[in-house]
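Here the structure comes first, spelled out in structure tokens, and everything after it is commentary.
The values are calculated or read from the model by the stated rules, or taken from the named source; none is laboratory data. Computed from a predicted structure; not experimentally measured. Positions of Cβ are backbone-derived with ideal geometry, glycine not excepted, and every protein chain shown enters the neighbour counts. To get the accessible areas, we keep the full protein, side chains included, count just its heavy atoms, and leave off ligands, DNA and RNA. Shrake-Rupley method; radii C 1.70, N 1.55, O 1.52, S 1.80 Å.
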Amino acid sequence: MQTRGWAARVGQMESFKVMDLLRRAKELEAQGRDVIHMEIGEPDFSTATAIVEAGQRALAQGRTQYTAALGIAPLREAISVFYQQRYGLNIAPERIIVTPGGSGALLLLSALLVNPGEHLLMADPAYPCNRQFMRLVEGQARLLPTQAEQGFHLTPEQLQQHWQANTAGILLASPANPTGMVLHRQPLQALCQTAQQLGGHRLVDEIYHGLTYGMDAPSVLEVDDHAFVLNSFSKYFGMTGWRLGWIVAPQQAVADLEKLAQNLYISAPTVAQYAALAAFESDTLVELEQRRAEFGRRRDFLVPALRELGFSIPVVPEGAFYVYADASALTQDSFQFCQQLLEQEGVAVTPGLDFGQHRCREFIRFAYTTSLPRLQQAVERIGRFIGRQS
Ligand SMILES: Cc1ncc(COP(=O)(O)O)c(C=O)c1O
């Protein structure tokens, strides 16, 4: 008798190339090599002390049971107050759904909004896992090529041109991964209006909000109260491993999101929810702002340094902690470039191949999630590597 294999969807999912590179980087480190990690999409700072202490208190108080599927009331309220303070927006706590990371938010929204055979339009390049969430719900991510001059964002014209009967909506990101580019108020509004006129949902990934340099990114809720927002405690709040995020949804979607949450994961991690209450305290926010300033300094070092080495960066990334650089003057194949750079110089970066198809062999993502001295060292090593190629 033949053994049954896995479901087809798994075979059709792609692995995350950066994880393959990370594995190789770890192997090299195990052999005693020094590797500078610029491939990792998470802050190198550990979670702020006040948050850790709040988590420890929650554990000591025995807060180890499930919570309500939508999250604990004080956290939903604290997030609501945060919208008032940061954006001047009145978002009722009842519209806020606490999730296991932004990933949990993507799971719920994919399940809620996309029927089998339907698709969401998104930018190429985009966060790789979006495609796999779509695959999981038997839908599809339709990636449309974007240009640096448009900040690597979709345009209303592209939506008009590519919209079909089975387009469920758009998934935007601001600031975006891998490009770090922000969607400013006017283009954000124009995209949402067009998608609304075409009858589609608007989802905006605001996971990198708070990590913008010299400016703030507008929330889509400032221009479209019926959009779905997904956000996370991972990046600005520095809580990647705690697995906590949230959705802001139109009121009429909350009951169905609750039903999905109850069935798919019951509730977000309890200790993390209590810990996150401390994330909004003024002392914590001061610390987070200092970290943001440090990321800004790193960006300001890295962008000119990479340009000096021959990478083209037509627009300066405004947020997140990534520089998406065009390496076509230096290589025909950025994937091979990344592999060789790791092997020869011990610098780990992410090839464009992870983020889509459009010019993906020309681009490389550099994450500045390591200290300035390490970034300086990395730039020296990359310079030496390029020098040897020519
Ligand atoms: C654009 C984007 N969305 C969502 C996520 C998921 O993050 P998390 O589940 O840690 O909130 C990430 C993580 O890198 C991301 O870059």
| message | Rounded to the nearest 20 debye, what is the charge dipole size of the stretch 28-161 about its Cα centre when +1 sits on each Lys and Arg Cβ and -1 on each Asp and Glu Cβ? | response | 480 debye
| said: Pairs of alpha-carbon atoms within less than 8 angstrom and 6+ residues apart define the contacts here; what relative contact order does the chain have, in percent? | reply: 24 percent
| field | Gained length - GLU343 relative to GLN357, 0.36 nm times residue gap less alpha-carbon distance | value | 2.6 nm
| request: Enter the accessible area of VAL81 (Å², nearest 10), with the probe set to 1.4 Å and all protein chains included. | output: 80 Å²
| query | In whole percent, what relative contact order does the stretch 1-97 give with Cα contacts below 8 Å and a gap of six or more residues? | reply | 15 percent
| message | Taking every DSSP beta bridge with both residues inside the chain, roughly what % is antiparallel (nearest 5)? | response | 45 percent
| the stretch 192-221-the stretch 326-361 distance, computed between alpha-carbon centres (Å) | 29 Å
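Given the alpha-carbon gyration tensor of the stretch 68-107, what are the semi-axes of its equivalent ellipsoid in whole angstrom, ordered largest first, with each equal to the square root of 5 times an eigenvalue?
19, 12, 8
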| Check GLY245: other-chain or 5+ apart residues with amide H under 5 Å from its amide H, H built from backbone geometry? | THR99, GLY101, PHE233
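Tally Lys/Arg at +1 and Asp/Glu at -1 over every other residue whose Cβ is under 9 Å from the Cβ of PRO128; what's the total?
On the way: positive: LYS17, ARG131; negative: GLU14, ASP354.
Surrounding charge for PRO128 is 0.
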| request: Please quote Rg/Rh for the stretch 1-126 to two decimal places, taking the Kirkwood radius as Rh and restricting both calculations to Cα atoms. | output: 1.05
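Under a Cβ-Cβ cut-off of 15 Å, what is the net charge of the residues other than ALA141 that fall near it, where Lys and Arg count +1 and Asp and Glu count -1?
Spelling it out: positives minus negatives among the neighbours equals -2.
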| field | Coordinate range along principal axes, alpha carbons of the chain, Å, largest first | value | 61, 60, 52
| the stretch 55-185 - percent relative contact order, Cα under 8 Å, separation 6 or more | 19 percent
| task | May I ask which residue of GLY169, VAL137, LEU183 lies farthest towards the positive end of the charge dipole of the stretch 124-188, with charges of +1 (Lys, Arg) and -1 (Asp, Glu) on Cβ and the Cα centre as origin? | result | VAL137
| query | Once amide H atoms are built 1.01 Å from N in the peptide plane, which residues 5 or more positions from HIS153, or in another chain, come under 5 Å H to H? | reply | GLN147
| Gaussian network model of the chain, Cα springs within a sub-10 Å range: biggest mean-square fluctuation belongs to which of GLY200, GLY241, GLY62? | GLY62
| said: Apply the Karplus curve 6.51 cos²θ - 1.76 cosθ + 1.60, θ = phi - 60°, to the phi angles in the stretch 66-71 and return the couplings in whole Hz, x for Gly and Pro. | reply: 4, 10, 4, 4, 7, x
| note | For HIS119, HIS358, the accessible-area ranking with a 1.4 Å probe, largest leading, is HIS358, HIS119
| task | Tabulate in residue order the Karplus-calculated ³J(HN,Hα) for the stretch 382-389, using 6.51 cos²θ - 1.76 cosθ + 1.60 with θ = phi - 60°, rounded to whole Hz; enter x for Gly and Pro. | result | 5, x, 5, 4, 5, x, 6, 6
| task | Keeping all protein chains in place, calculate the accessible area per residue for the chain (probe 1.4 angstrom), answer in Å². | result | 42 Å²
| said: Only four residue types carry charge here, +1 at the Cβ of Lys and Arg and -1 at the Cβ of Asp and Glu. Report the dipole size of the chain about the Cα centre in Debye, rounded to the nearest 20. | reply: 660 debye
| query | Along the charge dipole of the stretch 1-70, which of LEU28, MET38, GLN65 sits closest to the positive end, that is, farthest toward it, with unit charges on the beta carbon of Lys, Arg, Asp and Glu (+1, +1, -1, -1)? | reply | GLN65
| query | With r defined as the distance between the Cβ atoms of GLN336 and LEU89 and R0 fixed at 45 Å, what FRET efficiency is calculated, to the nearest 0.05? | reply | 0.45
| So, in nm, how far is label GLN161 from label GLU42 when the simple model puts each one 7 Å beyond its Cα toward the Cβ? | 3.9 nm
| What are the semi-axes of the equivalent ellipsoid of the stretch 187-243, taken as the square roots of 5 times the eigenvalues of the Cα gyration tensor, listed largest first and rounded to whole Å? | 25, 14, 7
| For the stretch 87-103, what does the Karplus curve 6.51 cos²θ - 1.76 cosθ + 1.60, with θ = phi - 60°, yield as ³J(HN,Hα) per residue in whole Hz, taken in order and with x for Gly and Pro? | 10, x, 10, 8, 10, 4, x, 5, 8, 9, 10, 7, 10, x, x, x, 4
| Order of exposure, largest accessible area first, which applies to HIS209, HIS162, HIS184 with probe 1.4 Å | HIS184, HIS162, HIS209
| task | Could you tell me what percent of the accessible area of the chain is made up of carbon and sulfur, with a 1.4 Å probe and every protein chain present? | result | 50 percent
| message | At 1.4 Å probe size, what's the solvent-accessible area of ASP333? Round to the nearest 10 Å². | response | 40 Å²
| So, in nm, how far is label ALA60 from label GLN251 when the simple model puts each one 7 Å beyond its Cα toward the Cβ? | 4.1 nm
| said: Name the residue from SER371, SER232, GLY346 whose Cα lies farthest towards the positive end of the charge dipole of the chain, charges +1 on Cβ of Lys and Arg and -1 on Cβ of Asp and Glu. | reply: GLY346
| Probe 1.4 Å, all protein chains in place: accessible area of PHE237 in Å², nearest 10? | 10 Å²
| said: If Rh is defined by the Kirkwood formula over all Cα pairs and Rg also comes from Cα, what ratio Rg/Rh do you get for the stretch 43-189? | reply: 1.03
| remark: For ASP205, the residues 5 or more places away or on another chain with a placed amide H closer than 5 Å to its own amide H are LEU172, ALA173, SER174, LEU230
